[in-house]
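Presented below is the structure to which this report refers.
The values are calculated or read from the model by the stated rules, or taken from the named source; none is laboratory data. From a predicted model like this one, the values you see are computed outputs, not experimental measurements. So basically every Cβ, Gly included, is an ideal-geometry build from the backbone, and we count neighbours across all protein chains shown. Accessible surface areas use protein heavy atoms only, side chains included; no ligands, DNA or RNA. Shrake-Rupley method; radii C 1.70, N 1.55, O 1.52, S 1.80 Å.
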Amino acid sequence: QVQLVESGGGLVQDGGSLRLSCVASGRTFASYAVGWFRQAPGKEREFVGSIRWNDSTRLADSVKGRFIISIDNAKNTVYLQMNGLKPEDTAVYYCAASATGRSTSSHYWDDWGQGTQVTVSS
């Protein structure tokens, strides 16, 4: 099992930036992928992006060109740099761990953090 703790959410204006952090513990960092998901009120949890220890990344089409995922193996931390934020990015953002990280469906991710709220005002 992997323990995940997110931080860095907050309120930002349209076009602004935020950086989320996800600190992982409990298993060797190289043995799983870390993903970011988000869930807006009344909507399903959706995939934002993922990264493996070897820096291979995936991003949802809706955030490509605006969001960047990076990893600091020494700190067991994954970052989600969010630039050009839009009101439709408003959601609770979660990080999750998966042995393979191949699926964009939240059902196939095993361990979850508590989430951090991101609110983008227009």
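Beta bridges per DSSP, both residues in the chain: antiparallel share near 90 percent.
Loop only by DSSP, 15 or fewer other Cβ within 10 Å of the Cβ. Give me the trypsin sites (Lys or Arg not before Pro) in the stretch 62-122 that pass, ordered by residue number. Answer by residue number: Lys64, Arg66, Arg102. With all protein chains in place and a 1.4 Å probe, the accessible surface of the stretch 1-92 carries 48 percent carbon and sulfur. Each residue of the stretch 87-95 was assigned a 3J(HN,Hα) from its phi angle through the Karplus curve 6.51 cos²θ - 1.76 cosθ + 1.60 (θ = phi - 60°); the sequence is x, 6, 7, 4, 4, 8, 9, 10, 9 Hz, with glycine and proline shown as x. Using the average count of surrounding beta-carbon atoms within 10 Å as a protection proxy, the listed peptides 9-18, 76-85 rank, highest first, as 76-85, 9-18. Averaging Cα coordinates gives a centre for the stretch 1-32 and one for the stretch 55-122; these two points are 8 Å apart.
Distant-in-sequence amide contacts of Asp111, defined by a placed amide H-H separation under 5 Å and a gap of 5 or more residues or a different chain, comprise Ala97. Taking amide H positions as modeled 1.01 Å from N, with prolines and chain starts lacking one, the residues under 5 Å from Gly16 and 5 or more places away or on another chain are Leu85. Placing one equal scatterer on every Cα of the stretch 6-122 and applying the Debye formula, the log10 ratio I(q)/I(0) at q = 0.12, 0.15 Å⁻¹ is -0.37, -0.58. Applying the Karplus relation 6.51 cos²θ - 1.76 cosθ + 1.60 with θ = phi - 60° to the stretch 52-66 yields 3J(HN,Hα) values of 10, 4, 8, 6, 6, 10, 9, 9, 5, 4, 5, 10, 4, x, 10 Hz, where x marks Gly and Pro.
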